[in-house]
1. What accessible area per residue, rounded to a whole number of Å², is obtained for segment 197-242 using a probe radius of 1.4 Å?
2. Can you check how the C-alpha radius of gyration of segment 1-149 compares to 2.2 N^0.38 Å, as a plain ratio?
3. Distance in nm between label sites at residue 180 and residue 228, each 7 Å beyond Cα in the beta-carbon direction?
4. Pick from 317, 79, 147: which residue has the top mean-square fluctuation in a GNM of the chain where Cα pairs under 10 Å get a spring?
5. Would you grab the residues whose amide H sits under 5 Å from the one on residue 244? Only those 5+ places off in sequence or on another chain, please, with H modelled 1.01 Å from N.
6. Taking θ = phi - 60°, what integer Hz values does the Karplus form 6.51 cos²θ - 1.76 cosθ + 1.60 yield along segment 124-136, in sequence order, with x for Gly and Pro?
7. What is segment 265-332 by shape, rounded, prolate or oblate, if you read a ≥ b ≥ c off the alpha carbon gyration tensor as root eigenvalues and call it rounded for a/c under 1.5, prolate for a/b larger than b/c, and oblate otherwise?
8. Quick one: among 11, 175, 69, which has the greatest mean-square fluctuation in a GNM of the chain with alpha-carbon springs under 10 angstrom?
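The values are calculated or read from the model by the stated rules, or taken from the named source; none is laboratory data. Bear in mind that the values here come from a model prediction, so they are computed numbers and not experimental data. Methodologically, a virtual Cβ is constructed for each residue, glycine included, from the backbone with ideal geometry; neighbour enumeration extends over all protein chains shown. The accessibility values were calculated without ligands, DNA or RNA, using every heavy atom of the protein model including side chains. Shrake-Rupley method; radii C 1.70, N 1.55, O 1.52, S 1.80 Å.
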Amino acid sequence: MKEITKEVYLNWYEDMQFWRKFEDKLAAVYIQQKVRGFLHLYNGQEAVLAGALHAMDLSKDKMITAYRNHVQPIGMGVDPKRVMAELYGKVTGTSKGMGGSMHIFSKEKGFFGGHGIVGAQIPVGAGMAFADKYFNTGGVTLTYFGDGAARQGSLHEAFNMAMLWKLPVVFICENNGYAMGTSVERTANHTDVWKLGLGYEMPCGPVDGMNPVKVAEAMTEAIERARLGDGPTFLEMKTYRYRGHSMSDAQLYRTKDEVEEYRKIDPITQVLDIIKEKKYATEAEIEVIDQRVKDLVDECEKFAEESPFPEVQQLYDVVYEQENYPFISHRL
């Protein structure tokens, strides 16, 4: 595994702090109805992304996930201003304002969505890995889904094919405990989601998804296995979301005390504690990082606020062009 140095810890802190504050801002503007539709926030799960990015080769590896998908593309290099603009429905967004919260996408940076249909991205991720194997790119696809999507039949079809063809894919269940609002205990007769891999003799296991170091270790091993041609791995990241499934979630299925207990192992706090313990940064230097994060969030908000909405013509520019139906002109 790549060494986890002082710089890594400082980068982790700044990145995770930015992701958290970026989404806190989204929650605030959602209440003001500047962001419409659904909004699913990643608060509490940041270590899963931070650890994975440490293990990835961003020049060729790809990522695909469900609708809790705002900070992943930012981590992979997408301009956060464009991500926020997309959530605002502005033309400067990643999909020109037509994808919205659940469909952030960047082919250039290897981030393939944002999928609103529960579990739909699982076989798609396996298909992307098939392409990597077919074209011998050396790339690995990280395919994320939640504990609710683990009950989809398409998962089993994808697992079977991935093992049969030894596809370079890592399947990751981000188990935050409650799917849309139903606890894992109430959806199956077992609570160890990772054991689903055993039926396919797929290497699998649980990971502490609140600790980026543990995530990086597990992801490094899984990615290298895939890159060497030895096939897929299934990892269950045991994590927790501090906010509801979406902004409309009343969270009646859990207590405030439970949430506060999990805040004691907040991934951002864990990283900050190491920084202070090892004296990687002074209080003044940490304050500089926090201010830099705040300034960037403000910059993203300003960019989104000031960007224009798409013109009506754009509706016609994003459909397939048909040679024998020349009545709609295309510009894209």
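1. Working: 1680 Å² over 46 residues.
Accessible area per residue, segment 197-242: 37 Å².
2. Numbers: Rg = 15.3 Å, N = 149, 2.2 N^0.38 = 14.7 Å.
Rounded to two decimals, the normalised Rg is 1.04.
3. Distance between label points: 4.1 nm.
4. Fluctuation is largest for 317.
5. Correct list: empty.
6. 5, x, 5, x, 4, 5, 4, 4, 4, 5, 4, 8, 6
7. Values: a/c = 5.99, a/b = 3.16, b/c = 1.90.
The shape class here is prolate.
8. Per the Cα network of the chain with a 10 Å cutoff, 11 tops the list.
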